[in-house]
Amino acid sequence: MEIPAINPDSEHYSTLLHPAGCMSRLEDVANWFAKRQGKAIPDQLKPAIVLFAADHGVASSFAYPESRPTTAERVAYATSDASVIRKLADEAGASLRIIDLGVRGDLSGVEVEKVRESGSADIRTEPAMSQEEYWEAVGIGEELAAHAVAEGANLLIASSLTSGDHVSVAAVICELAGLVPEETLASGSDGTYGDELLALATVLERAQGTPSNDILREVGGLELAAMAGFYRAAARKGVPVLLDGMASAAAALGSAAWDIRIAGWLLASFASDKSGHASALEELGLEPMVHLHRGLGGGKGAALLIPVLQAAISLQRGLATIED
């Protein structure tokens, strides 16, 4: 399926009475949506958020502190009515689905859509996924994006709920943005940085020579592959995507490696101070809406920006034109 062309700038913005650029990035964002919706003034946004959860084989070798939540615990919390992402989604008028692509641990009693039993392999010694597993994950993401659009969504968000994805995310960004390990793997306070850095070096050495369009399968993870499929399906249907955190950027790099035109349908919500996040967005040609001093994954960063995007669009309605 072809990815539709993006429409040219609307003449509407040149007819407005207020000085061009006086609303800065808000005006740019409204025009960005107008071009992709093919309208002078874009429709208000109907967002849909999908979170993909899966464990990584490489993470099983790291001695994480007991205080660090597991993927299963993160999923259980996210599904509760009191979770941050649930509150943000409700406030933004966004639907929210959580997909289990291979979470270790007990999720009995947790309202999550289970698709797979096991997560990705240990990428230090073998590819993250087989070809069959890879394309299954990509297809799951594509189906979920198509379903959201069929339900009326005109803004799609996909992110991950994963504990222990640092090495995989960093490996994808190293390979597709041309960075070195120290530029993509942030040193944390849990004492695993040295082990993760060594693992990342091993992964990159093993993956040498892998074609860019196969990097996600080789060193990524099931949730990253599903997110990339989600982004590709959105672009093919002409529906904008709002990126979330660093894992979201890594998945976007993977999808752009299939077809660079996908990047034209992506909008970056924020850049964190995590090593490599801003570089990944720059590689995609994206300028984040805001810069934060910390990472906000799990859909939270993108969800926070939805009201800002809605305001940017609302401001364009009823503004006086030169003719008026």
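The values are calculated or read from the model by the stated rules, or taken from the named source; none is laboratory data. Keep in mind that this is a model prediction, so the values were computed, not measured. So basically every Cβ, Gly included, is an ideal-geometry build from the backbone, and we count neighbours across all protein chains shown.
The selection criterion, being in contact with a strand residue (DSSP E or B) (Cβ under 7 Å, 6 or more places away or on another chain) and either modelled with pLDDT of 95 or more or closer than 30 Å to Glu113 by Cβ (or both), does not hold for Ala170. Can you spot a residue in segment 260-267 that is over 29 Å from Phe62 (Cβ atoms), touching a strand residue (DSSP E or B) at 6+ places or on another chain (Cβ under 6 Å) and crowded, with 24+ Cβ neighbours inside 10 Å? There is no residue in segment 260-267 that is over 29 Å from Phe62 (Cβ atoms), touching a strand residue (DSSP E or B) at 6+ places or on another chain (Cβ under 6 Å) and crowded, with 24+ Cβ neighbours inside 10 Å. If the condition is being modelled with pLDDT under 85 and either surrounded by fewer than 19 Cβ atoms within 10 Å (Cβ to Cβ) or of a type in the set (A, V, I, L, M) (or both), then segment 182-210 contributes Ala186, Ser187, Gly188, Ser189, Asp190, Gly191. Take Ala92 and decide whether it is surrounded by 16 or more Cβ atoms within 10 Å (Cβ to Cβ) and small (Gly, Ala, Ser). So Ala92 passes the test. Here segment 279-300 is the region considered, the condition is being over 21 Å from Glu183 (Cβ atoms) and of a type outside the set (A, V, I, L, M, F, W, C), and the residue that is surrounded by the fewest Cβ atoms within 10 Å (Cβ to Cβ) is Lys300. Across segment 180-224, which residue is nearest to the chain's Cα centre (by Cα) among those that are of a type in the set (Val, Ile, Thr) and over 29 Å from Ile99 (Cα atoms)? My answer is Val180. When the residues of segment 111-164 are narrowed to those that are part of a loop (DSSP other than H, G, I, E, B), within 18 Å of the chain's Cα centre (by Cα) and small (Gly, Ala, Ser), which ends up modelled with the highest pLDDT? Residue satisfying both the conditions and the ranking: Ala153. Residues in segment 67-92 that are among the polar types (S, T, N, Q) and part of a helix (DSSP H, G or I) were compared, and the one that is farthest from Arg104 (Cα to Cα) is Thr79.
One line per residue, one yes/no per condition, for (1) in contact (Cβ under 8 Å) with a residue 12 or more places away in the chain; (2) closer than 23 Å to Ile260 by Cα:
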{"site": "Gly152", "(1), (2)": "yes, no"}
{"site": "Leu156", "(1), (2)": "yes, yes"}
{"site": "Asp165", "(1), (2)": "yes, no"}
{"site": "Ala171", "(1), (2)": "yes, yes"}
{"site": "Val180", "(1), (2)": "no, yes"}
{"site": "Leu185", "(1), (2)": "yes, no"}
{"site": "Ala201", "(1), (2)": "yes, no"}
{"site": "Val219", "(1), (2)": "yes, yes"}
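Report yes if some residue within segment 62-78 is under 16 Å from His166 (Cβ atoms), in contact (Cβ under 8 Å) with a residue 12 or more places away in the chain, surrounded by 15 or more Cβ atoms within 10 Å (Cβ to Cβ) and of a type in the set (A, V, I, L, M, F, W, C); otherwise report no. The answer is yes; a qualifying residue exists. Ser108 falls short of the stated requirement of being of a type in the set (S, T, N, Q), in contact with a Phe, Trp or Tyr (Cβ under 7 Å, 6 or more places away or on another chain) and over 15 Å from Phe62 (Cβ atoms).
Residues in segment 87-108 that are in contact with a strand residue (DSSP E or B) (Cβ under 9 Å, 6 or more places away or on another chain) and over 16 Å from Lys46 (Cα atoms): Ile98, Ile99, Asp100, Leu101, Gly102, Val103, Leu107.
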